Each structure stands twice: as C-alpha cells, then as structure tokens.
1. Taking θ = phi - 60°, what integer Hz values does the Karplus form 6.51 cos²θ - 1.76 cosθ + 1.60 yield along region A:528-544, in sequence order, with x for Gly and Pro?
2. Subtracting the Cα-Cα distance from 0.36 nm times the residue separation, let me have the gained length for A:E454 to A:A70 in nm, one decimal.
3. Gain in length, A:E550 to A:S256, computed as 0.36 nm per residue apart minus the alpha-carbon separation, to one decimal in nm?
4. Please state, rounded to one decimal and in Å, the Kirkwood hydrodynamic radius that chain B gives when every pair of distinct Cα atoms enters the mean of 1/r.
5. Ratio of Rg to Rh for region B:254-313, alpha carbon only, Kirkwood?
6. With the Cα gyration tensor of the protein assembly as shown in hand, convert its eigenvalues to equivalent ellipsoid semi-axes via √(5λ) and list them largest first in whole Å.
7. Taking the Cα-to-Cβ direction at B:E49 and at A:L350 and moving 7 Å from each Cα, how far apart do the two end points lie in nm?
8. Would any residue of region B:396-423 have its amide N under 20 Å from a label point 7 Å out along Cα→Cβ of A:D161? List them or say none.
Amino acid sequence: MFTALALCALAELTQPLAVREDGLVHTPPMGCLAYVEWRAPQDTVATIAGHEVLGPMVGELARQALGENADLEALFAALANEGESTADMLARLGGDGLALWLTFEQFAPVFSLALPAADAEAGAARRIELLHSLERMVEAPGALATPSESIEGVDVWALGDAFFVVGKGANTYVSNSRNALEPLIVERRSVRGRRALERLTETHARRASGSDLFAWVDIGAINALAGLAGGALPTEGPGAILTTLTELPGNPRAQSLLGPGITRLAEGRSWSLRANVDRQSVELQLASDGIATPSALAPTTPAPAPVVMGTGPNTAHAQVYRDFGSMLAQRDTLFAGPELAGIAMTVSQLELFLGGLTLEDDVLPAVSPWMELVGRTLAFADTPRPDLRLPGAAIVLHVGTDGAIGEHLDAAFQGLIAVTNVGRAETGEPPLRMVLGRDGERTWTSARFPTPAEGAPVDAIHNFVPAAALVGEHWILATHEELLIDLMDEIAAEKASDGAAIGTTTGARPVREHLTITGVPLARLAKPQLDALALMASLENGTSREAEREDLEGLVWILERTDADVTIDHAADAVVVSARLHFPLVR
Amino acid sequence: MKSENRFDAPPHPESVRTTTELDRPTAVHVLRRLCFGAAPQDVERFVGESVADAVEQLVEGARSTEPDPAITLLLPTGELGYVQSWWCEQMLGTPEGRCAERVALMWHGHFAASNDKVDDVHLMHGQYRLWRERGLGDFRQLLQAALRDPALLVWLDGVDNVKGRPNENLARELMELFALGIGNYTEADVLEAARGLSGWRVVKRAARFTPSRHDGGAKTVLGTTGELDTNGVVAAVLARPACPRWIADRLWRTFVGRAPTAGDLEATAKELIAANWDIGRTLVWLATRPAFLATDERGTRIAGPIELVVRATLETGARLAPKELAESATHMGQALLRPPSVKGWDGGRQWLDSTAWIARQRFAGRVAEVLGDGDDFDPFERLLPEDPRPSWRVAVERIAQDSESPRRTLVAAVLASAEYQLQ
C-alpha cells in the first residue's frame, strides 16, 4: 500500500469538510473532480500575509490563478466586501474552515463552496453576511431578504442564474449552478457520486495530521471527461500541466530526464495534495495513488551515501535513480515505434565511441542507476569569463571498482571531442583544444574553445569547457573543467577523511530521490544579468522590458531568501513528491 | 530580378498632387509602403497633412532614429532567433523608426547575406547596423561599406580572395546584384574586379585589409584602367549609367511595387544623381510621384511575410510577441538574416506557395485569437480602407455570425483575404 502516507500519523479521521456528518450534511459533492479543503484559513492567511517571502509569492500566484478563471474570479468577487482581498474574504467567511470543489455540467466548469459554521446560529449569521455581499454586488438591497424557495427546512436563494446560496443548518453553500447544489437540497445518491465520495473520504482520511490544506483530484474522472469531450485535454493554462503529465510515461526523453517518479504521476487514480505553512518553511506533498502497473524503471535498491557531500558552493545537488540498463532492455514494451527508432540511433551513435563495448551488455550493467547531479556557479579563474554566465553542471556516476568501464568512458569522451573537431573543420570553425590535465596522481581531460581576442565579446559558449575524469570508483563529466577539478578535490578529501562512506550503501536508506536547490548563489549569478534576461523574456513574451525586469527582480529576491528540498518517494502503487521551501533569513 | 507587381500598370496621369491633403486611405497607403503600416493613431497624425510634408517627415525623421541598443546584451548567446525577434520589435516602433527599418529590410534583401553560412550573430547584427545607419544616406558610401562588411566578406568568400588566387564571388554579385544587373558588364570585368577586391580578411570580427594578400597590379574594370583597389572598383561601377538605374529599379519595386517604365527609370536615376546619390532624398521624390500615390497602384503588390506580420500587428493592435512575429514570417518563407540565396527573396508571386499560404491563414487566425472579442473596431473599415465593402463582405459576416466567436472569425477572414495580403 501507500508506503509514505501510511507512515503518517492518522490523528484526524474526520470526514471531508464538505460532507461531514454533523446531522446536517450527508450527501457527497456529486461527480466531484477536484476538491480543496482549508481547515483554518484565518491562521494560514495571517501567516502568509505577514510573511516577507510567502506574502508576495502567494499573492502573485493567486492573482494569476484568478485571472485565468473568470467564473471563479466572479464568485470570489461576489463574496468579498468592498476593498477586501480574496485571501481576507476567504479567511473571514471560512472562520470554521471551507471547502471548494469542481464539477462539470455540459463540459462547463461549476465551482461550489461549502462554508461550515460551529452551530446553526453562527451559520445563519454567516449566511446573512454573504447574502448582503451578493445584494451589494448586484446593487439590489433587500433582493435576497427572503429565500426563493424552502424545501424540507433547506433554504435556497437564487441570484438570477448566476449564483445560488443554500442554507442548511450550520452550513452554507454557494455555487454558480443550482444543479450542483441539488443533492444538498434533496438527498440523492448515485453510484457515481458514492464512488467519488468513497475515494475522496479514503484519501482524506490518510492525509497527514495537522495539514493546513488538503486537495484531491480524480484523475480517472478527468480523463474520462476529456474522452467524452473529444479526447482533448487542455493545451494552455494550468490544465496543460495535466496534459503534459499524461504524456510523460510514453516519452523516452522525459523518462530519461525526469525519471520514473514524476513521469508516473498521471498514472495514478487520484492525486492528493497537502500543505503546511509556518514562518520558516512551506511543505507541499503531492501523492499519486492507485497506480495499477508498477513501473519497470522504479528504484529497486536504496540510495547509496552521496559522493558529493554538499560541502561546496552548490546551487543544486540531486541524487537520482535512472535505470537506463532496464530501460534499454525493456524498450520494446516501454516505448512505441517512433521512439524505438530514436533510441536505436542514439545507442548506435554512443557505441561508436565505446571501442567495441555495447551499452546494453557491457557498460550500463557496470554503472549504478543511482547517480548524482551537481550545479554550481563558477569563478572562471583560468578560462575566459563569458559575458552571459551560466552555472556549471556535473554528473557523477559510480562505475565499479576495477576502473575498466571508467577508462572506456574517458576514452569515449576524448573520441567525442576528436569527432566534434572533424565536424568543426568541415564548416571552417577552429577546433576545440583538448587538454590532458595532471596533478600528482589525478588526471583529467578537458576541451577548450578558442580563446577570444582581447577586448572581443566572450560568447556564452565559453560557459562550456567540457571535462571528464575517473576518480576511484566514480566517473565525473562536467560542463566546465573548474567544476570537475573542484569535485575531484572534494571526493579525494572525503575519501581521506572517511573512505568507507564513499559510494557504499547503508541498507537503511529509503527508496527516495532528492534534489536540493540553494537560492543565494543562483540569485548572485542572475543579478548582474537581469537586463539580458529581461530582454530575452520580453522578446519571447511580448511584454515590456520593465515588466519582465520587475518579475525577475522579484524572483531574485525570492531566491535570495529561499532554499528548496524536493524528494520523490517510490512505492509499487504510488509516487509521492514532497517539496519543502526554507526561508533561512525569515525570523 | 523577378517582377513584384501584380499587374502591368500603365503610366499614370498627374492625378495626385503633392500639395493634396492626405485623406485616410492615402495616409494608410503611404504608411504601409514606407513604414510597414500604422496604428490608427499614427494614421490620424498624418491625415490632413500634405503628401509632401508627410513623406518628408517620415523619411527625414527616419535619419535621426536609432534602434534599441539592448540587443548587444544577447549577441553573446550566439542565438540568431533573438536578433530576428528584436528586429521585428524594432519594426513596431515610431513611424519614422519603422521607415528606417523598412529601408534596412530593403538593403538586407538587396545585399542578401545569410547567417547559415556566416554563422556569427555578431557579424549579422553588424551588417544590420550598416543598413539601418546608412540605408537612407549616400549610396556610394553604402556600397563602399558593404564591400568591407565582415558578414558580406564571409558570405561571398571575400576573405578567400587573395592575390594569385582570385575568388570572384563578391565581384560577380557586386555587378550582377548590387550595382549594375546582368548585361551591363562582361566576364572579364568580373575577373578584373575580383583582383581589385582582393586582400580583405575578417580578424576579430572586423574587416582588415592585408596589402600582401592584395593584387595591386594594373587592371581594367568597366573601361577604367589602373591599380584599382576596392575604392577604385566601386568608383568604376558607380560611373556606369546602369548603376543609378539599377538602384532606381530597386526603389521602384520595393516602394511602388512594380518595375518602372523606361521613362520612370530614367527620371528616378536622374533624380538619384541629382540628389548626390542620397537614398532618402530620392525616396522622398519617389513617394510624392503620382505613380506612388495613385489609387490604382494601391493594393497591387503581394505583401512580403515581414511586411504582413508587422502591418497586421500595427493595424490591429494585437499583442503578439516579437518572437512569434519572426517565427510566423519564417513559416511564410521569410526568415530574417537567413535569405535563401545571394539574390535574397524573389518576392511577388513567389511568396505564395501552398505552405506559405497556410502559414498566412494561420497567422490571421492567431491575430484574431489574440485580439479576442474586446478590441472593438470595424475590421473592414480599418484593415481594408480602399475597399471597406468588398463583394464577399455580406457572406463573411453571415458566416461569422453563426460561428462560436463572430468577431474573431470576422477579423481572421479579413486578415486572410486576398485583399489584405496585397498592399
């Protein structure tokens, strides 16, 4: 079952807010496709609003989300008092929590909001406040003084066809469709509604204790709906993320780049999201549950101890599992025809450099699927300093103890440089200069582009001084020689201090991939290049330079104050992606 | 060179006087031909002015405009796409700035060089700067500078043209495409001119003359004999009567939209010489001729892809990203800084193959999509000022009414119409 979530404390086994059994509401949101529950909006809004990083960040995200959905924006605008922000409105009306859910009618989205209260009296007071808001909105004081209908103790107010309010004991419901509220007015159950409730309730019960926010999406139902609508999932807006995710499992490039974790998210039956916010951090956890077929590429062994211990000025460090050996062995079942042709071409081209070895039988079985990725800013102390600078990146592979495969990879790198130079000669470009470095026992290979003339522009290509080296059991490939040498030094230092920890598995580590991003060095790198970055974005987006620069300054400001940890936990039927943002400067 | 005109138009009577006040359709016509097109407020600025004043303002004003220098920040990326997008953005500036860009685009097609071979965006941008800064000035100086332009030297193998091993590419295109036209020189002239143009290299992205690589011996080019170097060869070319005629022909095809009659050609060449080879003055003269202004000369020339995307953006106010404009033009067959050959783009009917036509239709739809239903203007009145009530209007309006988004359908139909593809 669901390993990571099963470990979570199950302290709150309450019903979802919108369907809780308090004697007043006992009907599920029919055909619910997405459900968001916010238990204590006042507390969360207070934390976010006063937070120097989260406040502006969440404000901008909310503005964009509302800007892209006119129906939701109209609903929120109707509920807010004059001059009141959406966040403050939600906090005010949702003093006892709130739940928002999405259904579809005739392929059009319907949003419904549930506002529970402590008791019937508080519920009635909240309804009056809400109805006054709506009257103000339509400039018709008193129009909603009395319900338009009352059915078995349930009052219904209708504002034309635009909004409907239902009062039922302590609870108040608002929707842009009367049909959506019908099950609340007249008890009605259907097989579809019951199943949706069961899945929602089950996932809800498994959410972590003390979650500020819980969200649930029925991926299966959304896919079915898309099928009914002609199979077209959205290609723009937030819905495009879902479309992209559904395409990832059959995409070899995505599988290689993102691994079996994120690429399997869309294979789940449902998603649940929980969030916790405090002054120093934000935690988000997205779980994809009910994956029917276990991934053939999922990690089978725990992660070894990291080789690069993060002692250097990393902007990013990741330990990921990419089982290219299994991917190659199972390519016929994993990928479709066109992708297979691409894989075959890539493999044959790579094997040209491997001196008779084959990737499938000789190289990949000897290389651990657990690999490390390192990103760092560079000083360009011994090489031309590009006018537009990028961070350096490196990959560290564990290639076994005998060193044979590592030597082949070294030779392949040198062969690749030589072939590249043949191509450059054909087009009249000067060759890359191959440099064989030696420092004591250590050796490495690097390739340098011709040094630009003094005073001439130093093009972005000089961010690359590709370099490779075999260090003990590890082979390193870096975009810049400077980074390679730093990593060689660090690995040597680690070996000297605690050789047993390098490249050994502890056996107790979970099957977990991780990524850590440190914002400060990225911000320092971006800051002097903001004009160029703003111009790039402006040409791309058709916006003004000033607007793009303002956005970038905001991003840099956030980066300077934010670090991020992302982990991906794998289980047979589920994948959990967790992200934690830290704000080291916030007190 | 292929004809760009749709019809063989007869000479015009003096039906339009330069003192005539610009009405709206004429203002739109002048702005389309001289500076891609204009937003409604720009059109209004010129309505009521005399033709002479309006043209003078645009062309003389263009001389003092400067492109945004920010692109130098992105040249180190080596990405041509940024320069293409940025150039499209410059074409959306003030009417005067757009006039300078229109002239630069003309010279880009005239001295066509492609980054596909040059493979250096710094050099391609440098060449753009040449067309932009000197395009309206003295053609003699422009030609001298062009033959020393690093991108052109690489593109036409001028860097391989050395004493004893002349490479004639640059010399041939100088005579065939840049200054004289076929029939106005001999093969011997090309070979001799190649010797005169020898000795240039590109070092540190700048043209450098190396005397040891130059053939300093006596040579005869177009009847002029001496130890000619680049200056001497250019002087010999400029001295030929065919040269001002060739440039006059280029101006006619670009701005009037058709080949000139023999009389018009002679008159324009004469005007060019009288203006001391000043392109700007000659353009002012040309743009105030009846042939340029006459109503039956309007909407007779198939708009090039860049002209079309820039014009549609200006005239509708659609907020399209410069990158999208550059890419759309590329799909229609005109990738900036990547002309297909030394001849540049053939233009005219060659713009309309089936692929390009589909791309034009898609672009029309895209503009309408970006505009949405909020931009309230009559697409017929604004976009087809010469013929706001075409025979198909009723049918299109009926189809649009039945569509999901009537306004978008209508705008897309007008932009995709044959009438709008002409200018």
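1. x, 10, 5, 4, 5, 5, 5, 5, 4, 5, 5, 5, 6, 9, x, 9, 7
2. Working: separation 384, 0.36 × 384 = 138.24 nm, distance 5.62 nm.
Separation in residues times 0.36 nm, less the Cα-Cα distance, equals 132.6 nm.
3. Working: separation 294, 0.36 × 294 = 105.84 nm, distance 3.49 nm.
Answer, rounded to one decimal: 102.4 nm.
4. On the way: mean 1/r = 0.0447 Å⁻¹.
Result for chain B, one decimal place: 22.4 Å.
5. Numbers: Rg = 13.2 Å, Rh = 12.8 Å.
With Rg and the Kirkwood Rh in hand, the quotient comes to 1.03.
6. Numbers: eigenvalues 717, 393, 104 Å².
For the protein assembly as shown, the ellipsoid semi-axes come out as 60, 44, 23 Å.
7. Calculated label separation equals 6.4 nm.
8. It comes to B:402-406, nothing else.
Computed from the coordinates by the stated procedures, all read-outs in this text should not be read as laboratory data. Since this is a predicted model, take the numbers as computed values, not measurements. Every residue, glycine among them, receives a Cβ derived from its backbone with ideal geometry; neighbour counts consider all protein chains shown.
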